[in-house]
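What follows is calculated from the coordinates using simple rules that are stated; it is not laboratory data. Quick caveat: nothing in here was measured; it's all calculated off a predicted structure. Backbone-built Cβ (ideal geometry, glycine too); neighbour counts: all protein chains shown.
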Amino acid sequence: MTGLKDNFLRVIDYLRVSVTDRCNLRCLYCMPTDGVVPFEHKDILTYEEIVRIVKIGAGLGVRKVRLTGGEPLTRKNIAFLISSIKKVPGIEDLSLTTNGILLEKYIAEIAAAGLNRVNVSIDSFNPVRYREITRGGDLDVVLRGLSAAEKAGLRPIKINMVPIRGVNYDEVIDFARLTLDSEYHVRFIEFMPSGHNDYWSPDKYITTDELRKKIETIAPLTPVRMRRDGPSRYFRLKGAKGVIGFISALTHHFCRDCNRLRLTSDGKLRPCLFSETEIDLRAALRSGEPDSEIERLLRLSIEIKPEGHNMALIGPAALDTNRRRPMSKIGG
Ligand code: SAM
């Protein structure tokens, strides 16, 4: 099977799995200063439960799994989960989104376990600014992790940056230039009004169109068609080795090309990043339901996947919708 189609003919073949809501950074735009109250250990899905869901998902056509969080590398023995998911028939691509703080430490284990790729979130290449944005992160450690991932052959390496006006917007050109001599995929994610939403404001938000114009002051951007690129749109600067991606959560194609379901670390299936609708898989798993019931719930979440997140209207209403679960508790 090649993935179930939802009611809007989008093929759903991608499952993003948040393995923990805990994080070792406190990014200004993602978390409140004092963090969020973490889920209790018993509330988090076990690796066995996650693998069972992935197996049933693979039977429905899920081909791609991404592990995220919180910070996925803070969860004990993540390599075990990686190798278990890699063994699931049908899973073709397994990747991980990380802030990179623990990447150098764990790269050998996770690469050996079969991880295909990593996305590393870096919002500044200025160590002082990086420390401010992440409230204490050490950029050097992350950069060492990045080169360790390269050496381990995890390609392509994607670097995620969230440009925020007045914070790191002045570095966008430097990030874009990185692609000239390296094969990185540098991806700019529109700043979304989710999670720690006291921080979001319209004046900090930068549209993809504005970003593109700024980047095109270096050289023209030519569209690049990537295999199964989902909601990201890719371009190449003339002569560049790497590519530049835009993830336009609030504008452009984000919903039209959405190919994913999200599983939160406490076992809720979210058909859409921004909707409050969740299907409780953990309750079903723990009350001894058979695979057929888990499959029914997975199908249901595809059936009720909304056409769009309706956040086009940037403002207080959008903020309210997303107040309940911060990004670390959904899985970005
Ligand atoms: N800890 C991992 C990391 O840092 O990549 C995975 C979790 S983090 C929530 C996943 C991604 O979501 C990061 O690239 C982060 O920058 C992004 N993110 C978090 N809050 C965001 C927001 N309000 N708008 C846009 N992206 C956001």
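General remarks:
- Net dipole in debye of segment 102-161 [+1 Lys, Arg Cβ; -1 Asp, Glu Cβ; about Cα centre; nearest 20]: 120 debye
- When the P(r) is computed for the chain, the part past 35 Å accounts for 15% of the Cα-Cα pairs.
- Other-chain or far-sequence residues with amide H under 5 Å of residue 121's (modelled H): 98, 99, 100, 160
- Local electrostatic count at residue 129 - Lys and Arg +1, Asp and Glu -1, tallied over other residues with Cβ under 11 Å: -3
- No disulfide-compatible partner, judged by a Cβ distance under 4.7 Å, exists for the following cysteines of the chain: 23, 255, 258, 272.
- Helices in the chain, meaning DSSP H runs of at least 4 residues, each add -39500 (n - 2.57). Divided by all residues, the mean residue ellipticity at 222 nm is -8500 deg cm²/dmol.
- Charging the Cβ of each Asp and Glu at -1 and of each Lys and Arg at +1, and nothing else, the dipole of the chain about its Cα centre rounds to 720 debye.
- Ordering 50, 100, 220 by Cα displacement along the dipole of the chain toward the positive end leaves 220 in first place; charges were set at the Cβ atoms of Lys, Arg (+1) and Asp, Glu (-1).
- Phi to ³J(HN,Hα) by Karplus 6.51 cos²θ - 1.76 cosθ + 1.60 over segment 153-169, Hz, x for Gly, Pro: x, 7, 10, x, 8, 9, 10, 9, 10, 9, x, 10, 5, x, 10, 9, 4
- Local electrostatic count at residue 7 - Lys and Arg +1, Asp and Glu -1, tallied over other residues with Cβ under 13 Å: +1
- Positive minus negative residues near residue 98 (Lys, Arg vs Asp, Glu; Cβ under 12 Å): +3
- Förster radius 41 Å - calculated FRET efficiency between residue 42 and residue 169, Cβ distance, rounded to 0.05: 0.45
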